[in-house]
Structure formats: structure tokens, C-alpha cells
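Reviewing the structure listed below.
The values are calculated or read from the model by the stated rules, or taken from the named source; none is laboratory data. Computed from a predicted structure; not experimentally measured. Positions of Cβ are generated from backbone atoms using ideal geometry, with glycine treated the same way; all protein chains shown enter the neighbour counts.
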Amino acid sequence: MDYLKIPYLLDSMILAATAAGEAVLKIYQDDNFEVEIKSDNSPLTIADKEAHRIICEKLNTDFPGLPILSEESEQITFEERKDWTTFFLVDPLDGTKEFINRNGEFTINIALIHGIEAIAGVVYVPVERKLYYGDTVSFKSFLDFEGTKKQLFTRNLSMDLPIKIVASRRHGKQKLEEFLDQAEDLFPSTNVINIGSSIKLCLLAEGKADFYPRLAPTCEWDTAASHAIVKAAGGDVLDMNLEPLRYNTKEDCLNPNFVVVGDLNVNWKGLFPSLFSFER
């Protein structure tokens, strides 16, 4: 991997994500879009398809030698993918259910994978026109919003202050309640932020939250872009053995249960031992 090319790759990823986001926003503002149900029972809209088309067209034009794995791609077997050294991993519309429910909490996600690591990522929030991006070569992440560019840093955990926990709107609620009971015994209070899509991970990158436990199924394209952003801001996305999530290592693209942490100096497993023993 020629790491000198990272800025050029990121520029292209940003242009692809924002163009797709603007197209998605136009569809979002039209009440007449149809919803299909895919074989895995997840929803699909014309916005997913259009974002996929725009992103693939841009990336294929700018970097014709780099493969693209998208949630909306035709099935690509691991036999074909296993020899990929560097590729784009794309979720054209993360949070399709949030899109359908019209709460604005959906994103466009584009990651650059090298080996088994997410080394660069772009997350665009169309409704707010917020652009998160970063890479683990420069180890810098940024938020572009309303004409201002701000470097992102995760925050240090303090046992003397309320812990800020991010949670999914739709998944893993029962186990989360058990975890919150433990947290309330350890901290002065707990603040829970329920929100959809990759915005959850971006809040940790911004230093607006401390911890996000994910105890329900996700796919690699759900996490890769925001994983790179969080890592470049000082945190990480870890499995239940506290190892960073890996990408493109097996036939299916499912992630294990994981946690997103802002402060890497905390013994999270020691703090919440029962959480890390949870089996899906």
C-alpha cells in the first residue's frame, strides 16, 4: 500500500460519500419511495441502490484497480475476496430503517481496508450535512460541519463523572439494561444516548460519549468506516477479547459482538466483566 496516496483516496471517498448523500437526501424528501425486503429480511430502498451506484461509479473511475465490496453488491465469495490486499468497503445507506422512519439518523459509509484493518473512513450524515473522516496513517480524524473543520479526539474516562453510553435504537435492549444497572453502581450516573447508524461511533470519536456495547448482529460494512475514524481519534472498536475488529477474514461478513471505547487506558473487561462474557 502506497500510504502517500491516502489523502487522494480520502478525497475521492469524501466526494463519493457527499454526492451519494445528496442524492439520498432528495429521495428522503419525497414521501413516495418504495421499500423492498431482502432475503435477510432487511429493508432496501431506491436510495440504497442510487447511493451504491454513485459511490461505485466514482471510486471505479478514480481507482479502477481497487475492488469494492458494498452491502448492495452482488455476492462476492471469500474465495475471490481472500486475495484482496486493499479494497473499499461500503455501506451506501447505513440505517435504512431510520431512513424509512424519517428520523434523519442514517449515514453514507465508505472505508478503505488494507490487509484486515480499516485504515481510512468517511461517514456522511446527509440530513445534517455532517462529514466525519479520518485515517490511521496520519492518525487524525475530523468533522466538517457548517464550514468549520474540527479535529476529533476521544475523551478520557473519569470514575467521578457520569459515564456517557451510546446505544442502538433497535437492538440488544435486554442485555443493555443489565449492563446499565452495573454502570449505575460504578459511576455517579449514566447518560444513555439512543441513536441510529454509524452516528453512534462518530459520537465517541467526537468525545461526546465513552462507551458503546454492541450485542446484536452487524456486518463489516456497518462498522469499517467509523472504526477508522474512532481509531484515528484515539479510541478503538474491539471484540469481546479486546482485540480490534478484523475485516475480510471469512466467508460471511458478520461482526462478532463488540464494544467501542474512547479511552484505551481503561480496563473495560475488568470494569464490566459480565458484559464481556455475553454470548450472542
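Taking region 168-202 as the range and being surrounded by 15 or more Cβ atoms within 10 Å (Cβ to Cβ), part of a helix (DSSP H, G or I) and at pLDDT below 95 as the test, the residues that pass are LYS175, LEU176, PHE179, LEU180, GLN182, ALA183. Taking region 231-246 as the range and being touching a residue at least 40 places away in the same chain (Cβ under 8 Å) and surrounded by fewer than 20 Cβ atoms within 10 Å (Cβ to Cβ) as the test, the residues that pass are PRO244, ARG246. Scanning region 60-80 for residues that are buried (at least 16 other Cβ atoms within 10 Å of the Cβ) and under 19 Å from the mean Cα position of the chain (by Cα) gives ILE68, LEU69, SER70, GLU71, GLU72. Among the residues of region 99-114, is any surrounded by fewer than 16 Cβ atoms within 10 Å (Cβ to Cβ), within 24 Å of ASP144 (Cα to Cα), in contact with a helix residue (DSSP H, G or I) (Cβ under 6 Å, 6 or more places away or on another chain) and not β-branched (Val, Ile, Thr)? No, the conditions are met nowhere in region 99-114.
Residue count for region 81-102, restricted to those that are under 18 Å from the mean Cα position of the chain (by Cα) and not charged (D, E, K, R): 9.
Within region 148-167, the set of residues being polar (S, T, N, Q) and not in a strand (DSSP E or B) comprises THR154, ASN156, SER158.
I need the full set of residues from region 110-150 which are among the small types (Gly, Ala, Ser) and within 15 Å of the chain's Cα centre (by Cα), in order please.
ALA111, ALA118, ALA120, GLY121, GLY134, SER141
A single member of ALA209, ALA216, ALA205 is surrounded by fewer than 20 Cβ atoms within 10 Å (Cβ to Cβ), of a type in the set (Gly, Ala, Ser) and not assigned by TED's automatic domain parsing to the domain that holds ASP144, and it is ALA216. Can you find even one residue in region 207-229 that is under 21 Å from LYS150 (Cβ atoms) and free of Cβ contacts under 8 Å to residues at least 40 places away in the same chain? No, the conditions are met nowhere in region 207-229. Considering only region 250-272, I want to know if a residue exists there that is out of contact with any Ser or Thr (no Cβ under 6 Å at 6 or more places or on another chain), of a type in the set (Asp, Glu) and either exposed (fewer than 13 other Cβ atoms within 10 Å of the Cβ) or assigned to a helix (DSSP H, G or I) (or both). Checked region 250-272: at least one residue is out of contact with any Ser or Thr (no Cβ under 6 Å at 6 or more places or on another chain), of a type in the set (Asp, Glu) and either exposed (fewer than 13 other Cβ atoms within 10 Å of the Cβ) or assigned to a helix (DSSP H, G or I) (or both). Quick one: in region 125-158, which of the residues that are surrounded by fewer than 19 Cβ atoms within 10 Å (Cβ to Cβ) and among the hydroxyl-bearing types (Ser, Thr, Tyr) is nearest to SER189 (Cα to Cα)? Once the filter is applied, the top-ranked residue is SER158. Residues that are hydroxyl-bearing (Ser, Thr, Tyr) and touching a residue at least 60 places away in the same chain (Cβ under 8 Å) were ranked within region 122-176; the one that is nearest to ALA205 (Cα to Cα) is THR154.
In region 203-234, which residues are in a loop (DSSP other than H, G, I, E, B) and at pLDDT 95 or above? Across region 203-234, the qualifying residues are GLU206, GLY207, LYS208, ALA209, ASP210, THR218, GLY234. Looking across region 18-43, the residues that are touching a helix residue (DSSP H, G or I) at 6+ places or on another chain (Cβ under 7 Å) and of a type in the set (A, V, I, L, M, F, W, C) come down to ALA19, ALA20, ALA23, VAL24, ILE27, PHE33, VAL35. Going by the conditions given, is ASP160 at pLDDT 95 or above and either in contact with a strand residue (DSSP E or B) (Cβ under 8 Å, 6 or more places away or on another chain) or not small (Gly, Ala, Ser) (or both)? Answer is yes for this residue.
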